[in-house]
Amino acid sequence: MDPTFDRDFWERRWGQVVRDHPEAVANRPPNGHVLAEVAGLRPGRALDAGCGHGAEAHWLAASGWRVTAVDFSPTALEAGRSAADRLGVDIAERIEWHEADLATWYPPERAYDLVVCVYVHIAGPVGEFVTRLARGVTPGGTLLLVGHRPVDPATGAETPAAGQVQVSVEEATAALGGWRLDVAEERSRETEGSGVDAVIRAVAPA
């Protein structure tokens with residue numbers, strides 16, 4: 001992994017964010033792409049891969065999903081767990097928090113009706129990463145990937161994801177041969193000058 005974005009880097013960043021901006025962490029809403037793409041799905045078992053402080057995991061649990069939330073930052077996981085406890089037992093009991101490095105971790109095969117991965121910096125080939133996450137989806141289940149593109153295609157300027165390797169439409173779709181691609185597109189972000197997001201929603205072969 002690029003040492004700039006290794007486990008120690010993210011643990012330091014999460015430590016600073018949680019220390020300096022606790023209210024922002026506690027009140028950050030779930031990702032809008034997740035809200036838009038998952039709202040119509042029937043709740044089941046979900047994996048939030050690279051969950052950070054758990055905004056998406058909390059929303060999924062509140063929507064009826066049983067969630068496995070995975071991240072390699074103990075600080076982020078503790079923030080997510082504490083927030084879930086504050087939200088109430090109905091949410092907290094639906095989330096299992098798991099410390100693991102997505103650079104090497106394999107989800108249980110065909111274990112989840114939904115696998116979500118949002119803005120994760122990928123160590124290694126994107127296609128291999130997507131394939132590993134995809135193995136965790138049940139037949140007929142959904143894989144939702146969101147990546148922030150490091151360069152704004154409209155301006156050529158670097159975005160906040162500059163220097164990172166995140167999911168792209170081209171690499172993700174190439175790795176998902178045989179899957180039904182319901183969404184595979186780049187979407188402009190709400191904040192001007194912050195670039196675009198790659199959004200891929202795919203359904204596993206039955």
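The values are calculated or read from the model by the stated rules, or taken from the named source; none is laboratory data. It should be emphasised that the depicted structure is a prediction, and the values quoted were computed from it without experimental measurement. Ideal geometry is used to build each Cβ from the backbone, glycine not excepted, and the neighbour counts take in all protein chains shown. Note: accessible area is taken over every heavy atom of the protein model, side chains too, but ligands, DNA and RNA are not part of it. Shrake-Rupley method; radii C 1.70, N 1.55, O 1.52, S 1.80 Å.
Which whole-number value in Å² is the accessible area per residue of segment 28-185, probe 1.4 Å? Mind dumping the intermediate values first?
Working: 6590 Å² over 158 residues.
Roughly 42 Å² per residue, with all protein chains present.
Report the percentage of all Cα-Cα pairs in segment 54-122 whose separation exceeds 17 Å, rounded to a whole percent. Intermediate results must be reported in sequence, preceding the final value.
Working: 940 of 2346 pairs.
For segment 54-122, the fraction of Cα-Cα distances above 17 Å is 40 percent.
How large a share of the accessible area of the chain, in percent, is made up of carbon and sulfur atoms when the probe is 1.4 Å and the other protein chains stay in place? Accessible surface attributable to carbon and sulfur in the chain totals 49 percent.
Reducing segment 73-123 and segment 128-181 to their Cα centroids gives an inter-centroid distance of 19 Å.
Per residue, the average separation of C-alpha pairs within less than 8 Å and at least 6 apart gives the chain a relative contact order of 17 percent. Here's the picture: charge each Lys and Arg Cβ at +1 and each Asp and Glu Cβ at -1 in the chain, and of L87, A157, P139 the one pushed furthest to the positive end of that dipole is P139. When Lys and Arg each count +1 and Asp and Glu each count -1, what net charge do the other residues less than 15 Å away from L145, Cβ to Cβ, add up to? It works out to a net charge of -4. Springs join every pair of Cα atoms under 10 Å in this Gaussian network model of the chain, and among G147, G32, G127 the largest mean-square fluctuation is at G32. Result for the chain in a Gaussian network model with C-alpha springs under 10 Å: among R94, R12, R45, the largest mean-square fluctuation is at R12. Under a Gaussian network description of the chain, with springs only between Cα atoms under 10 Å, the residue in A161, A61, A36 that fluctuates furthest is A36. The orientation-averaged shadow of the Cα convex hull for segment 73-169, equal to a quarter of the hull surface, comes to 7.9 nm². If you sort the three axes of the alpha carbon gyration tensor as a ≥ b ≥ c, you get a/c of 1.5 or more for segment 129-206 and a/b above b/c, which makes it prolate.
Does the chain come out rounded, prolate or oblate by the C-alpha gyration tensor, with a ≥ b ≥ c the root eigenvalues, rounded set by a/c under 1.5 and, if not, prolate when a/b is larger than b/c and oblate if not? Could the numbers behind the result be given before it?
Values: a/c = 1.42, a/b = 1.04, b/c = 1.36.
Taking the square roots of the gyration eigenvalues as a ≥ b ≥ c, the chain is rounded.
Among residues other than A198 whose Cβ falls under 12 Å from its Cβ, what is the net charge (Lys/Arg +1, Asp/Glu -1)?
On the way: positive: R149, R187, R189, R201; negative: E170, E171, E185, E186, D197.
Once positives and negatives cancel, what remains is -1.
Note: relative contact order over segment 126-179, using C-alpha pairs below 8 Å and six or more positions apart, is 43 percent.
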